Amino acid sequence: MSYDSNNIFARILRGEIPCNKAYEDQYALAFHDIAPQAPVHLLVIPKGEYVSFDDFSRLASAEAIAGFYRAAQKVAEQLGLQAGGYRILANTGADAHQEVMHYHLHIFAGCDLGSMIKKSLV
Ligand code: 5GP
């Protein structure tokens with residue numbers, strides 16, 4: 001799938017659509033999800049144009065990949081999420097119901113997040 005530069009996260013990166021920013025550096029932008037599914041629900045996105053985890057991991061430079069994951073760790077640290085713990089999730093493609101085609105990590109925290117996946121699926 002080719003990258004659509006008009007996807008909603010690309011527009012947030014360009015400042016065309018506002019976001020509730022939690023963290024930003026040269027590699028990543030983190031902001032609060034508009035429809036949170038936990039008391040803390042953040043999205044961390046790379047600044048480059050990558051559709052998915054698959055795309056990012058294959059095509060991004062080693063520096064961009066390291067910078068992105070270090071940024072995600074800084075988000076969790078700055079928001080004090082280590083104490084209670086948190087979950088990172090990256091929906092990739094149709095079966096995972098990826099809705100926004102700009103690679104992103106979800107960070108969930110702020111309560112007991114329960115088991116990792118619905119037991120009915122396994
Ligand atoms: P996906 O299903 O692609 O992994 O998750 C996309 C996420 O983006 C969803 O959790 C959705 O609530 C969030 N989202 C969609 N549009 C916006 C927006 O305009 N602003 C913010 N902050 N989050 C959004």
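The values are calculated or read from the model by the stated rules, or taken from the named source; none is laboratory data. None of these values were measured; they are calculated from a predicted model. Reconstructed Cβ throughout: ideal geometry from the backbone, glycine too, with neighbour counts over all protein chains shown. Areas reflect the complete protein model, heavy atoms only, side chains present, ligands, DNA and RNA absent. Shrake-Rupley method; radii C 1.70, N 1.55, O 1.52, S 1.80 Å.
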If a residue has to be within 13 Å of the ligand (Cβ to nearest atom) and part of a strand (DSSP E or B) to count, how many in segment 1-39 make the cut? 6
Can you tell me which condition Ala35 does not meet? The list is (1) more than 13 Å from the chain's Cα centre (by Cα); (2) more than 20 Å from Cys111 (Cβ to Cβ); (3) modelled with pLDDT of 95 or more, and all the others hold. (2)
Taking segment 86-121 and keeping residues over 19 Å from Arg58 (Cα atoms), open to solvent by less than 40 Å² (accessible area, probe 1.4 Å) and not aliphatic (A, V, I, L, M) leaves His106, Phe108
The lone condition Glu63 fails out of (1) assigned to a helix (DSSP H, G or I); (2) farther than 19 Å from Asn91 by Cβ; (3) near the ligand (Cβ under 10 Å from one of its atoms) is (3)
